[in-house]
1. So for the chain, taking the charge dipole from beta-carbon charges (+1 Lys/Arg, -1 Asp/Glu), which of Ala8, His165, Ile66 sits furthest toward the positive end?
2. What list of ³J(HN,Hα) values in whole Hz, one per residue of segment 103-116 in order, does the Karplus curve 6.51 cos²θ - 1.76 cosθ + 1.60 (θ = phi - 60°) give from phi, with Gly and Pro shown as x?
3. Relative contact order, percent, of segment 48-198 when contacts are C-alpha pairs under 8 Å separated by at least 6 residues?
4. Under a cut-off of 19 Å between alpha-carbon atoms, report the lysines in cross-link reach of Lys172, not counting same-chain residues fewer than 8 places apart.
5. Based on the Cα atoms of segment 147-198, what semi-axes does the equivalent ellipsoid have, where each is the square root of 5 times one gyration tensor eigenvalue, given in whole Å with the largest first?
6. Extension gain Asp185-His69, at 0.36 nm per residue separation less the Cα-Cα distance, in nm?
7. If you count the DSSP beta bridges with both ends in segment 8-182, what percent of them are antiparallel, to the nearest 5?
8. Please work out how much length the chain gains when fully extended from Glu17 to Ser193, using 0.36 nm per residue of separation minus the C-alpha to C-alpha distance, in nm with one decimal.
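Every read-out reported here was derived from the displayed coordinates using simple, explicitly stated rules and does not represent laboratory data. Values in this document were obtained by computation on a predicted structure and should not be read as measured data. Here Cβ is always computed from backbone atoms with ideal geometry, including for glycine, and neighbour counts include all displayed protein chains.
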Amino acid sequence: MSETGARAAARTRETAETSIEVALDIDGDGESRVDTGIGFFDHMLDAFAKHGLFDLTVDCDGDLEIDDHHTVEDVAIVLGEAFDEALGEKRGIARFADRRVPLDEAVASVVLDVSGRPQFSFEGEFSQERIGGFTAGMAPHFARSLATNAGLTLHLDVEGENAHHEVEAVFKSLGRALDDATRIDERRSEAPSTKGEL
């Protein structure tokens, strides 16, 4: 993991359903340590961090005896809050990003704006209902919860024939797009908005 930089945050969440600790460094090396109790979800968060070049630590103890919903949703909430905190006033960021990422026959597309105005749109479906202990339909729910809590306008599309590939393409494209949108543009000193702030 890289040293904690200026664009880093640590957040926690404690409810009757989950106990979560997240540490995020936006300007990291793509290193991660993730333990959510859901193997495939851990793999997806590792891919998200690797392709976004974020240093990420996630520890989650959730009510998996019920299902995966609360764990996936609450991790997204805390991760979104960490992004929002780490970005601060968003001075100098690129703000917009558009990434299309394939994985074999599957392809996912993410278009986002770090606008401070949460909005989410999803087009597509998943070819199988489950991948291990992860419900495929939780992938767009993760993206929606992340967008809501990070203040993102996020449009997500996916297509393919294998749910593992489809969901993995989603997480990789999210990581790549967030890396693009949160990069510092040296030509900018203020928040990239005619309003003067985001």
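1. So the residue furthest toward the plus end is Ala8.
2. Values per residue, Gly and Pro as x: 9, 6, 7, 8, 8, 10, 10, 10, 10, 9, 9, 7, 8, x Hz.
3. Once normalised by length, the contact order is 36 percent.
4. Lys50
5. Details: eigenvalues 177, 31, 12 Å².
Semi-axis lengths for segment 147-198 are 30, 12, 8 Å.
6. Working: separation 116, 0.36 × 116 = 41.76 nm, distance 3.70 nm.
Length gained between Asp185 and His69: 38.1 nm.
7. Working: 32 of 42 bridges.
In segment 8-182, DSSP labels about 75 percent of beta bridges as antiparallel.
8. Contour length minus Cα-Cα distance gives 59.5 nm.
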